[in-house]
1. Among the listed residues 242, 216, 265, identify the single one that is under 23 Å from the mean Cα position of the chain (by Cα), modelled with pLDDT under 95 and either more than 30 Å from residue 83 (Cβ to Cβ) or not hydroxyl-bearing (Ser, Thr, Tyr) (or both).
2. Select, from 271, 294, the only residue that is in contact (Cβ under 8 Å) with a residue 24 or more places away in the chain, small (Gly, Ala, Ser) and surrounded by fewer than 16 Cβ atoms within 10 Å (Cβ to Cβ).
3. Taking into account only those residues within the stretch 43-94 that are assigned to a loop (DSSP other than H, G, I, E, B) and of a type in the set (Val, Ile, Thr), which is nearest to the chain's Cα centre (by Cα)?
4. Is it true that residue 131 is of a type in the set (D, E, K, R), crowded, with 17+ Cβ neighbours inside 10 Å and assigned by TED's automatic domain parsing to the domain that holds residue 84?
5. Given the residues 108, 168, 156, 148, which is the only one that is farther than 29 Å from residue 277 by Cα and at pLDDT 95 or above?
6. Look through the stretch 238-259, keep the residues that are touching a residue at least 60 places away in the same chain (Cβ under 8 Å) and within 13 Å of residue 196 (Cα to Cα), and return whichever of them is surrounded by the most Cβ atoms within 10 Å (Cβ to Cβ).
7. Residue check: is residue 217 more than 28 Å from residue 182 (Cα to Cα), assigned by TED's automatic domain parsing to the domain that holds residue 191 and crowded, with 18+ Cβ neighbours inside 10 Å?
Amino acid sequence: MPKSLAAIALFLSSVVFASEPVPAWLIRLPETTPVVFIAETSASAFHRYDRVGNSAKKVRQDYMSIGQGGVGKRVAGDQRTPLGVYFVIEQLDTTRLHEKYGVTAFPLDYPNAWDRRHGRTGDGIWIHGVDPRGGVRPPLDTDGCIALPNDRISSLEKSFEPNVTPVLIAEDMAWSEPGAVAKVRGSLEQAIARWAAALEQGDMYTYLDAYDESFEHWGMNKDEWSTFSMETVGHRPITRVEVSDLLLLGDPVEPGIYLSRFWLEIEEEGAGNVISMRRIYWRRSESGAYRIVAEDSG
């Protein structure tokens, strides 16, 4: 095996599912991601999936309320709950906030890079409790947040790990055969391996070929990004690239869009190691090729 590929830790902790249909979006969960939540808005259901050994198992389903305006958040103030893949970023002390937020709250990272790519605005999307004096809230009741009963969010509190725990928000659950999930997982792992190997080898042609023509980042289009990369990354004396803790999730809104999130370690000659968390969105073309359409850190 070439040195560049041997240095890339892409195949640790892959999820191997049982024979029955599985959630189509849970492509690969590393050991560092023990819990994934899926909010199914049409059923007012908040599902918890745990990584158990080499499988992902549903362990809990709870009632939830969402935005008064329904789903598909587009702009600030529309009282809609966003759809997509998000991460818990912190826990808030709600003792000094309005009673409607209940016993605790966990902000999500809306708008993420994919939202910004589509011009979606607004912020303040939380998973929070409810007013203890208000009884059971109706399905459409928040300003866009997800609200859980206080006893349930309290019991889940330790499962929400900032900057680790994914929350997928979808209208309906989507299921797939394990073999189909494994095929997507393998194809994405190979695409990421090629991208990382090209970076390590200084092969800028192959590296930039991984980016879709529609790619945008930091206000730059694909051509501008390519020029910027050639002038920066292309001149770095990189000796080693390693990818670890690879998480792969399907987008619950747009078929063929996948999020990869991983630690990227880059070693440069005479400069030591630089480690960062990367978030890269991939699109699968009709031919089956995967190209990068958006990128972010954290």
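1. Numbers: 242 fails: modelled with pLDDT under 95; 265 fails: modelled with pLDDT under 95.
Step by step, each of 242, 216, 265 is checked, and only 216 is under 23 Å from the mean Cα position of the chain (by Cα), modelled with pLDDT under 95 and either more than 30 Å from residue 83 (Cβ to Cβ) or not hydroxyl-bearing (Ser, Thr, Tyr) (or both).
2. The unique qualifying residue is 271.
3. Filtering the stretch 43-94 for residues assigned to a loop (DSSP other than H, G, I, E, B) gives 44, 53-54, 64, 68-70, 72-80, 82-83, 89-91, 93-94.
Filter once more, keeping what is of a type in the set (Val, Ile, Thr): 75, 89, 94.
Working: 75: 21, 89: 12, 94: 26 Å.
So the residue we want is 89.
4. Values: of a type in the set (D, E, K, R): yes; crowded, with 17+ Cβ neighbours inside 10 Å: no; assigned by TED's automatic domain parsing to the domain that holds residue 84: yes.
Considered against the rule, which asks whether it is of a type in the set (D, E, K, R), crowded, with 17+ Cβ neighbours inside 10 Å and assigned by TED's automatic domain parsing to the domain that holds residue 84, residue 131 comes out as no.
5. On the way: 108 fails: farther than 29 Å from residue 277 by Cα; 168 fails: farther than 29 Å from residue 277 by Cα; 156 fails: farther than 29 Å from residue 277 by Cα.
From the options 108, 168, 156, 148, the qualifying one is 148.
6. Step one: filter the stretch 238-259 for residues touching a residue at least 60 places away in the same chain (Cβ under 8 Å), giving 240-253, 257-259.
So of that shortlist, the ones also within 13 Å of residue 196 (Cα to Cα) come out as 240-244, 246.
Numbers: 240: 15, 241: 19, 242: 19, 243: 23, 244: 16, 246: 26.
Of everything passing the filter in the stretch 238-259, 246 is surrounded by the most Cβ atoms within 10 Å (Cβ to Cβ).
7. Working: more than 28 Å from residue 182 (Cα to Cα): yes; assigned by TED's automatic domain parsing to the domain that holds residue 191: yes; crowded, with 18+ Cβ neighbours inside 10 Å: yes.
The answer is yes for residue 217.
Yes or no, residue by residue, for (1) outside any loop (DSSP other than H, G, I, E, B); (2) within 14 Å of the chain's Cα centre (by Cα); (3) hydrophobic (A, V, I, L, M, F, W, C):
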| residue | (1), (2), (3) |
| --- | --- |
| 254 | no, yes, no |
| 258 | yes, yes, no |
| 261 | yes, yes, no |
| 270 | no, no, no |
| 273 | yes, no, no |
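The values are calculated or read from the model by the stated rules, or taken from the named source; none is laboratory data. Because the structure is predicted, anything quoted here is derived from the model rather than measured. Every residue, glycine as well, gets a Cβ built from its backbone with ideal geometry; the counts of neighbours run over all protein chains shown.
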